[in-house]
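Reading through the structure tokens given below for one structure.
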Amino acid sequence: MMEDEIDIDLSSEISKQDELQLREYYDKLFPFDLLYDWLTINSINENEEDKKRAFERREFSVKIRKAGKSFVIRNKSFNRVEDLKEFLKGKQGNDGVYEVPERLDIGPICSWEPSKLSTVSDYHPVSKELVFDIDVDDYNPIRICCGSTSLCEKCWGFLAVSAEFIDNYLRECFGFQQIMYVFSGRRGLHIWVSDRAAQYLTKENRASILNHIRVELTQNQIPILKRSFDQILLPHFENHVLEEQEIFTNEKQRKQFLSLLPTTYKRQDRKITLTPSEDIEKKLKEIENENLTNSEIWFAVKSYLQDNSLYEHLFNLVFHYTMPRIDEPVSIGVNHLLKSPFCIHPDTKKLCIPLDIKEIYKFNPNQVPTVDQLIADPKLFNKFKQIFKNHVNQMKLKYNLTIQDPMEF
């Protein structure tokens, strides 16, 4: 240690500062009124009593740090949204420090208030939004721009194209309209589907939706999947993934690409056996000294696949690099919780912000404000609050007093 340096443990001071900032954030900025509307619009009837009951029976979970350790507390519920606000602002301990929850998660609406769990016998989840959780670290095998849980503009593209694909599927195949996209604050994208029909889906229904989204490798693609391939997935692969992830000019990426090709393939129409993996590898060696771009190399590979009617393998390659990598248990489980919009990520201190699907490719995760920046300049919050407000207002416009029956699958 140099003479000018003083070895001081600042962890408690920094923690206290964080707690004070969180208290101020929840007190002055967090949109509790919009959160309440968002969570209760699709209650059984439009009257305030039913909305109140829906909120009272909603499960919340919080993460609290005590003595350097973190604890997750589930089955929290509140009679009023004002009670939730006071809880998140924390309570003052004997040492004068406020115990402010580090994060807020949202769960299902239950048959009873979650706080009464230990006193009732027929407690169970009744309804919950259909949600999707996509984390960028699931793309680590196919990205080279970042690793682990890091996220940049390039690898955000994987999440953006997933969002556009899922949005297209949910609207066209299932008729869902109340769909919100939220940056998780660190490494992922959360998708919330709030339509009443979505809220009352069973676990089996939710699994069926995921099964429907999965790709079947066949030349006779169902129309929506073929359109998604032509209009969303292939363009993103060719315009972004090829160059940004160096699919052919990076040795590791090139080897992985070749591993996706079949060793042999029998063409019934010509009664011949092709060797796609070997043929394409040979072609890559022939052109490696021509200083071609990844895109130029791809079009040579694509021509080989098309000329030999290997369309299912063309689909497979593009799907591998562009299809959503969904955390399926999160979507299927009715009692699974997900981070609330507008909470602060406990590790990055970034805001969990709603996104406009029309602008999702332009989003830069490195420009998301942190809690200290929000406190210093509250105007940074306005843009994201307006996106949320627009979403809630659209939900109100589309509100239907007649309960939609859960879908059949």
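The values are calculated or read from the model by the stated rules, or taken from the named source; none is laboratory data. A quick note: this is a predicted structure, and the numbers were derived from the prediction, not measured. Cβ coordinates were reconstructed from backbone atoms using ideal geometry, including for glycine residues, and neighbour counts include every protein chain displayed. These area figures cover heavy atoms from the full protein model, side chains too; ligands, DNA and RNA do not enter into them. Shrake-Rupley method; radii C 1.70, N 1.55, O 1.52, S 1.80 Å.
Data for the structure
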quantity	calculated
Label-point gap, in nm, between GLU48 and ASP307 - each point 7 angstrom along Cα→Cβ	7.3 nm
Net charge over other residues, Cβ less than 12 angstrom from the Cβ of GLY175 (K, R count +1; D, E count -1)	+1
Candidate aspartates and glutamates - alpha carbon under 13 Å from LYS396, same-chain residues fewer than 8 apart omitted	ASP37, GLU46, ASP195
Answer label for percent of Cα pairs over 37 Å apart (calculated), chosen among (1) 18; (2) 23; (3) 34	(3)
Percent accessible area from carbon and sulfur atoms, the chain, protein chains only, probe 1.4 Å	46 percent
The stretch 160-215-the stretch 309-327 distance, computed between alpha-carbon centres (Å)	19 Å
Rounded to the nearest 20 debye, dipole of the chain from Cβ charges on Lys, Arg, Asp, Glu	960 debye
Highest-fluctuation residue, GLU59, GLU286, GLU246 considered, GNM on the chain with Cα pairs under 10 Å	GLU286
Selected from PHE237, PHE176, PHE71 as most flexible by GNM, with the chain as the system and alpha-carbon contacts under 10 Å	PHE71
GNM flexibility winner over the chain from ASN316, ASN94, ASN335 (Cα, springs under 10 Å)	ASN94
Gyration tensor (alpha-carbon) shape descriptor, the stretch 155-251, a/c threshold 1.5	oblate
Extension gain, TYR123 back to ALA207 (0.36 nm per residue minus Cα-Cα distance, nm)	27.9 nm
Solvent-accessible area of ASP122 with every protein chain in place, 1.4 Å probe, in Å² to the nearest 10	80 Å²
Förster-model FRET efficiency, 51 Å R0, GLU238 and GLU24, C-beta, rounded to 0.05	0.60
Amide H contacts of LYS350 (H built 1.01 Å from N, under 5 Å, at least 5 apart or other chain)	HIS345
Estimated inter-spin distance, ARG80 and GLU281, nm [label 7 Å along Cα→Cβ]	7.1 nm
Given LYS89/LYS339; LYS85/LYS350; LYS69/LYS89; LYS16/LYS85; LYS116/LYS350; LYS91/LYS128, the pairs whose alpha carbons are separated by over 24 Å	LYS116/LYS350; LYS91/LYS128
Accessible area, probe 1.4 Å, largest first, for residues THR149, THR40	THR149, THR40
Reachable lysines, given that their alpha-carbon falls under 22 Å from the alpha-carbon of LYS252 and they are not under 8 places away in the same chain	LYS154, LYS282, LYS283, LYS285, LYS302
Over the chain: helical MRE at 222 nm, DSSP H runs n ≥ 4 each giving -39500 (n - 2.57), nearest 500	-11500 deg cm²/dmol
